Amino acid sequence: MTDDDDEVWSAVAAEWAELWGDFADSARRAVIAAAGVSTGSRVLDVGCGSGELLAMVDALGAVGSGTDPSRRMLAIARARAPRADLRHGCAESLPWPAHAFDVVTAFNSLQFAEDTDEALAELARVVVPGGLVAVSNWAERELNDLDTIETALADAAGDEPRPDGDLRVAGGLERLFADGGLELERSALVTVPWEAPDDDTLVRGVLLGEDRDGMERARATVLAAAAPFRTGDGGYHLSNAFRYAVARTAG
Ligand SMILES: C[S@@+](CC[C@H](N)C(=O)[O-])C[C@H]1O[C@@H](n2cnc3c(N)ncnc32)[C@H](O)[C@@H]1O
């Protein structure tokens, strides 16, 4: 973990929480159900961001812990899930001893690890033998309305759209677990809609992290590409998808 990992996500933490924090709630609910999280379950969320999953497991009576390289994300998570044990850290080196949790999750975060196989081994280290590890990520670009806008932005900049990473494509999470020696329990695709009430919110969300000039330059491209997703009330509804997989460590 470097200072950069903290800076990059701390710079956008407040806007992330505001604009994107809860958009993957349907995937979170599906993983919580698939992993059987209930009263007393010890759950660690790796790359916990602004703490939405931790608030959900807390409401179920589970004991939540979270880690993130971004100190600002952790501060927001602390406010959202005050009972959670939150520690500065990253997937590659988790600040907990072995076998401390019943369930370990990573939502939209494992792809930022230097080496996802090594990070998975670290997630598995802190789970009890026979415990569960769940990973969830954006599905492949063609399943996401957001891709239409990102492709338009790449075209306008003369770039190729970013290729799908290994964790996004069909079978990617299953392969990750098989390579790591974990036994797959369940995997599925979940719809994760993202909504913006107006043009400004759409532009701020899609261009998260851009400075004011960058946003002004790209605004027209974003609005034109998003036209098919416009709702009757002047907002936008983008249909997107996450994949998740839940697997068991050796007992
Ligand atoms: C896209 S956000 C997702 C946040 C949260 N998991 C969610 O689903 O809303 C990515 C998060 O991963 C964190 N992150 C970046 N590099 C990481 C790493 N190597 N290990 C763990 N988390 C990391 C970021 O700080 C950020 O909070």
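No value in this document is a laboratory result; all are computed from the given coordinates. Since we're looking at a predicted model, the values are computed, not measured. Glycine gets a Cβ as well: all are built from the backbone with ideal geometry, and neighbour counts include every protein chain shown.
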Q) What FRET efficiency do you get for Ala11 and Arg219 if R0 is 35 Å and r is their Cβ-Cβ distance, rounded to the nearest 0.05? A) 0.95
Q) Under 19 Å from the 7 Å Cα→Cβ point of Glu118, by amide nitrogen: which residues of the range 42-75? A) 46-47, 68-70
Q. Any idea what the relative contact order of the range 129-251 is, in percent, if you count C-alpha pairs under 8 Å spaced at least 6 apart?
A. 50 percent
Q. Of Leu53, Leu238, Leu167, which is the most mobile in a GNM of the chain whose springs link Cα atoms less than 10 angstrom apart?
A. Leu238
(Q) Limiting things to C-alpha atoms, what are the Rg and the maximum Cα-Cα separation (Dmax) for the chain, in angstroms? (A) 18.1, 55
Q: For the range 1-102, run through the trypsin sites (Lys or Arg not before Pro) and keep only the ones in DSSP coil with at most 16 other Cβ atoms within 10 Å of their Cβ.
A: Arg83
Q.
For Cα pairs less than 8 Å apart in space and 6+ apart in sequence, what is the mean separation divided by the residue count of the range 48-143, i.e. the relative contact order in percent?
A. 24 percent
Q | Local net charge near Val103, Cβ-Cβ under 12 Å (Lys/Arg +1, Asp/Glu -1) | A | -1
Q: Go through the range 67-155 and name the GluC sites (Glu not before Pro) that are in a DSSP coil and have 14 or fewer other Cβ atoms within 10 Å of their Cβ.
A: Glu114
Q: Calculate the all-directions average of the projected area of the range 124-251's alpha-carbon convex hull, and give it in nm².
A: 9.4 nm²
Q: Assuming R0 = 51 Å, can you tell me the calculated FRET efficiency for the pair Ala250 and Glu210, based on Cβ-Cβ distance, to the nearest 0.05?
A: 0.70
